[in-house]
Ligand SMILES: [Cu+2]
């Protein structure tokens, strides 16, 4: 009987936690994929970043930032879209081995929301 009660309360806790998570969910990220890929382990140094979204990004409302293994900002050049629902930019600084974080922000066509997010990839020789 006691076990049944604790199982019931566990279910209740789980149920309320999932409701809570639902109510507080951020709008879904429009980021679909990236090159280098999210959480990629690379053996070749990337020379560009390319991020693919669920709709065409507005370049004037977008930014990309690449932070290197020691927390340093990498120089990037020429943010543009290849008009394939993407953002693309050239990495100017030499990519040394380590873990990198890409920070992105954008608005996409047909949606006034300003989205932002980040992901990591690792490069090792
Ligand atoms: Cu391009």
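Descriptive notes on the structure:
- Remark: pairs (first residue in region 74-93, modelled with pLDDT of 95 or more; second residue near the ligand (Cβ under 9 Å from one of its atoms) and in a loop (DSSP other than H, G, I, E, B); Cβ separation under 7 Å; 6+ apart in sequence or on different chains) = 87/81; 88/81; 88/82.
- When 62, 41 are checked against the criterion of being out of contact with any helix residue (DSSP H, G or I) (no Cβ under 6 Å at 6 or more places or on another chain), modelled with pLDDT of 95 or more and within 16 Å of the ligand (Cβ to nearest atom), a single residue qualifies: 62.
- Subset of region 95-110 [more than 12 Å from residue 52 (Cα to Cα) and either at pLDDT 95 or above or surrounded by 14 or more Cβ atoms within 10 Å (Cβ to Cβ) (or both)]: 95, 96, 97, 98, 99, 100, 101, 102, 103, 105, 107, 109
- Taking (1) surrounded by 13 or more Cβ atoms within 10 Å (Cβ to Cβ); (2) away from the ligand (no atom under 16 Å from the Cβ); (3) more than 13 Å from residue 34 (Cα to Cα) in turn, residue 121 satisfies each apart from (3).
- Test: residue in region 21-30 that is modelled with pLDDT of 95 or more, touching a strand residue (DSSP E or B) at 6+ places or on another chain (Cβ under 9 Å) and in a strand (DSSP E or B): no
- Residue 30 satisfies every condition listed in (1) within 16 Å of the ligand (Cβ to nearest atom); (2) within 17 Å of the chain's Cα centre (by Cα); (3) crowded, with 16+ Cβ neighbours inside 10 Å except (1).
- Matching residues, region 72-90, being more than 11 Å from the ligand (Cβ to nearest atom) and touching a strand residue (DSSP E or B) at 6+ places or on another chain (Cβ under 9 Å): 73, 74, 75, 76, 77, 85
The values are calculated or read from the model by the stated rules, or taken from the named source; none is laboratory data. Fair warning: this is a prediction, and the values are worked out from it, not measured in the lab. As a convention, Cβ positions derive from the backbone with ideal geometry for all residues, glycine included, and neighbour counts pool all protein chains shown.
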